[in-house]
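Q: Have a look at the structure that comes next, please.
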Amino acid sequence: MAPPIVADEAVAAALTATKTVALAERPMDELSGAQRQRIWIAIALAWQQNKAGIKESGAISGRQQPRLARG
């Protein structure tokens, strides 16, 4: 079983993959349209990685998973 992915690790990996590390601290309203798109992709990647890490770890019981899925 793979170790759970920590949220900070997922974010760092997503920022690196989308080449947006330098943009991470800037307000969204200061970014160009293309930069915003890359940030949104990074957000989606980080969320997906973190969600996968939670499922693999088994750290969340079956009763809690539906509540997380509803957001």
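The values are calculated or read from the model by the stated rules, or taken from the named source; none is laboratory data. This structure is a prediction, so every number in the text was calculated from the model and none was measured. Reconstructed Cβ throughout: ideal geometry from the backbone, glycine too, with neighbour counts over all protein chains shown.
Each row is one residue, and each column tells you yes or no for (1) modelled with pLDDT under 90; (2) of a type in the set (D, E, K, R).
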| site | (1), (2) |
| --- | --- |
| Ala7 | yes, no |
| Ala14 | no, no |
| Leu23 | no, no |
| Leu31 | no, no |
| Ile41 | no, no |
| Lys51 | yes, yes |
| Ser61 | yes, no |
| Gln64 | yes, no |
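Q: State which residue is farthest from Glu9 (Cα to Cα) when the search covers only the range 26-48 and only residues that are of a type in the set (Gly, Ala, Ser) and surrounded by 14 or more Cβ atoms within 10 Å (Cβ to Cβ).
A: This residue is Ala42.
Q: Let me ask something else about it. Show the residue pairs meeting these rules: Cβ distance below 9 Å; 6+ apart or different chains; first residue within the range 1-14 and in a helix (DSSP H, G or I); second residue of a type in the set (Val, Ile, Thr) and modelled with pLDDT of 85 or more.
A: Once the first residue is in a helix (DSSP H, G or I) and sits in the range 1-14, its partners that are of a type in the set (Val, Ile, Thr) and modelled with pLDDT of 85 or more give Val11/Ile43; Ala12/Val21; Ala14/Thr20; Ala14/Ile41; Ala14/Ile43.
Q: Turning to a different aspect of this structure: Please enumerate the residues belonging to the range 18-46 that are in a helix (DSSP H, G or I) and acidic (Asp, Glu).
A: Hits for the range 18-46 are Asp29, Glu30.
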